[in-house]
Structures are given as C-alpha cells and as structure tokens.
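Enquirer: My structure is below; once you've seen it, I'll send some questions.
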Amino acid sequence: MILPIVAYGDPVLRKVGTEIDKDYPNLSSLIDNMWETMYNAHGVGLAAPQIGLSIRIFMVDATPFADDEELTKEEQNQLKDFKRVFINAKILEETGKEWAFNEGCLSIPDVREDVIRQDTLTISYQDENFVPHEETFDGLLARVIQHEYDHIEGILFTDKLSSLKKRLLKGRLANISKGKINVDYRMRFPEMKKAR
C-alpha cells in the first residue's frame, strides 16, 4: 500500500524516533508499505517519520546510484543491489574528510542543496529479522544512510545549510508545508489540515 509522505513543517519530522521490538504491530506489512511508498516516489531512502511514525526504522536502496558514470567500478558495485532495512540504528562514529553532495528529500520536494557530511560512518542496527549488525560504510552509501538516520533523530538536511541558504529557502519551504507544490506522489501537508 502506498502511504502519503509527510511534508516539511509536520511536527513528526522533528521528533526523535522511539526504538521498536519484533512485536511492533504489523511490522512486516509496514516494511512492505514503506518500500512500495519509496519506490512510487522514486526515492533511494525512506524513514518512518516521513510516513508519520515516530519510530526508529528506515530503509535504503542505493541501486539507482550504481549507474552513475562518475563513480569508480568499486563504488558502483558497492551500490548495486544494496537494499537494507535499518531498525533501532545508532551511529557509533563518523570519520573521514568532509565533502559536499547535492541532497534532496521526499518530504521537501523540489529543494536540492549541497550538504557537507563526513565520508565514513560506523553504525549498529538490526535488520527486519532483528539480527544485530555493526558495519562501516563510506562514500555515497554513507551519505544516504546519514540522511535517513537524521530523520529518526528529528533532523532534516535543510538544518545543515548556512543561515543565508535557510533564509533564501524560507518561502519555498513555507509553500511546501501549505501544499503549494506539484508532486507526482501522495503527500500529507501540515498547513492544509488547518485550513479546513
């Protein structure tokens, strides 16, 4: 089932997600619905807050990046078929050099900006079967994971921009929360509810 994606301005995007256990109601359906919602919106990642749930779960499918000609063969292979569910994730360490990459977000359509992040992270998480993992990722894969991880911490990529950039985007962000935007996937806009 394709779920509506919560737009910028909704308070759920600012909450730190709570941990869940394997008894979380209808978890496998939720995971299926999240994948379907993400693919329908042509995303490479989706976090539970983006569908209105303040819990610590996100997913990443980096496969679309594997076709990027600018990446090395090794990077392309790393991204190809990388499809994971991260439950109760905790970033243990972020290291390496800082680099800028143009990020976007399904909750903030039509806004893309360069965000600076460190290039390597070590993360602990459980998969959809609650098997624990601790892994280190770098490059574009680390970037996508960092972006989705921020969602379960109540952080958006726009928070990482300079104050000048934030001021320049203020009007566009306000329009997104009012639903004054054309998107080709289902969304829920916080300011539209109030109008009724």
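Enquirer: Taking interchain pairs and intrachain pairs at least six residues apart, which have beta carbon atoms under 7 angstrom, with the first residue in the range 141-164 and over 14 Å from L106 (Cα atoms) and the second of a type in the set (D, E, K, R) and assigned to a loop (DSSP other than H, G, I, E, B)?
Expert: Hits for this filter: I152/R56; G154/K15.
Enquirer: Of everything in the range 173-188 that's polar (S, T, N, Q) and surrounded by 15 or more Cβ atoms within 10 Å (Cβ to Cβ), which residue is nearest to A41 (Cα to Cα)?
Expert: Step one: list which residues in the range 173-188 are polar (S, T, N, Q), which gives 175, 177, 182.
When the remaining residues are screened for being surrounded by 15 or more Cβ atoms within 10 Å (Cβ to Cβ), the result is 175, 177.
Details: N175: 20, S177: 18 Å.
Looking at the filtered set, the residue picked out is S177.
One line per residue, one yes/no per condition, for (1) surrounded by fewer than 15 Cβ atoms within 10 Å (Cβ to Cβ); (2) modelled with pLDDT of 95 or more; (3) part of a strand (DSSP E or B); (4) in contact with a Gly (Cβ under 8 Å, 6 or more places away or on another chain):
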residue	(1), (2), (3), (4)
E103	no, yes, yes, no
R112	yes, yes, yes, yes
I116	yes, yes, yes, no
I123	no, yes, yes, no
H147	no, yes, no, yes
T158	no, yes, no, no
G171	yes, yes, no, no
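Enquirer: Let me ask you something else. Residue check: is Y39 more than 15 Å from the chain's Cα centre (by Cα) and either farther than 20 Å from F101 by Cβ or in a helix (DSSP H, G or I) (or both)?
Expert: On the way: more than 15 Å from the chain's Cα centre (by Cα): no; either farther than 20 Å from F101 by Cβ or in a helix (DSSP H, G or I) (or both): yes.
In short, no.
Enquirer: A further question on this structure: Six or more apart or on different chains, Cβ under 9 Å: which pairs go from a residue in the range 8-28 that's under 15 Å from S54 (Cβ atoms) to one that's of a type in the set (S, T, Y)? Could you list them?
Expert: Going by the 9 Å Cβ cut-off, the qualifying pairs are D10/S107; D10/S177; V12/S54; L13/S107; K15/S54; V16/S54; G17/S54; T18/S54.
Enquirer: Restricting to the range 56-91, what's the tally of residues that are touching a strand residue (DSSP E or B) at 6+ places or on another chain (Cβ under 9 Å), without any contact (Cβ under 8 Å) to a residue 60 or more places away in the chain and closer than 27 Å to G154 by Cβ?
Expert: Residues in the range 56-91 being touching a strand residue (DSSP E or B) at 6+ places or on another chain (Cβ under 9 Å), without any contact (Cβ under 8 Å) to a residue 60 or more places away in the chain and closer than 27 Å to G154 by Cβ: 7 in total.
Enquirer: Specify the residue that is farthest from R14 (Cα to Cα); the eligible residues are those in the range 72-88 that are open to solvent by less than 30 Å² (accessible area, probe 1.4 Å) and not in a helix (DSSP H, G or I). Show your work before the answer.
Expert: We begin by selecting, within the range 72-88, every residue open to solvent by less than 30 Å² (accessible area, probe 1.4 Å); these are 76, 79, 82, 85-88.
Within this subset, residues satisfying the condition of being not in a helix (DSSP H, G or I) are 82, 85-88.
Numbers: F82: 28, V85: 21, F86: 19, I87: 18, N88: 17 Å.
The selected residue is F82.
Enquirer: Just need a number here: residues in the range 5-36 that are closer than 23 Å to G179 by Cβ and either open to solvent by 40 Å² or more (accessible area, probe 1.4 Å) or assigned to a helix (DSSP H, G or I) (or both).
Expert: So the first thing to find is which residues in the range 5-36 are closer than 23 Å to G179 by Cβ, and the list is 5-15, 33-34, 36.
Next, from what is left, pick out any that are either open to solvent by 40 Å² or more (accessible area, probe 1.4 Å) or assigned to a helix (DSSP H, G or I) (or both): 8-9, 11-15, 33-34, 36.
Qualifying residue count, the range 5-36: 10.
Enquirer: Select from the range 125-145 the residues that are among the polar types (S, T, N, Q) and part of a strand (DSSP E or B) and write down the one among them that is farthest from T72 (Cα to Cα). Before the answer, list the steps.
Expert: We begin by selecting, within the range 125-145, every residue among the polar types (S, T, N, Q); these are 126, 129, 136.
Next cut, part of a strand (DSSP E or B) only: 126, 136.
Numbers: Q126: 29, T136: 19 Å.
Out of the qualifying residues, it is Q126.
The values are calculated or read from the model by the stated rules, or taken from the named source; none is laboratory data. Since the structure is predicted, the reported quantities are computational estimates derived from the model, not experimental observations. Reconstructed Cβ throughout: ideal geometry from the backbone, glycine too, with neighbour counts over all protein chains shown. Quick note on the areas: whole protein, heavy atoms, side chains included, nothing else; ligands and nucleic acids left out. Shrake-Rupley method; radii C 1.70, N 1.55, O 1.52, S 1.80 Å.
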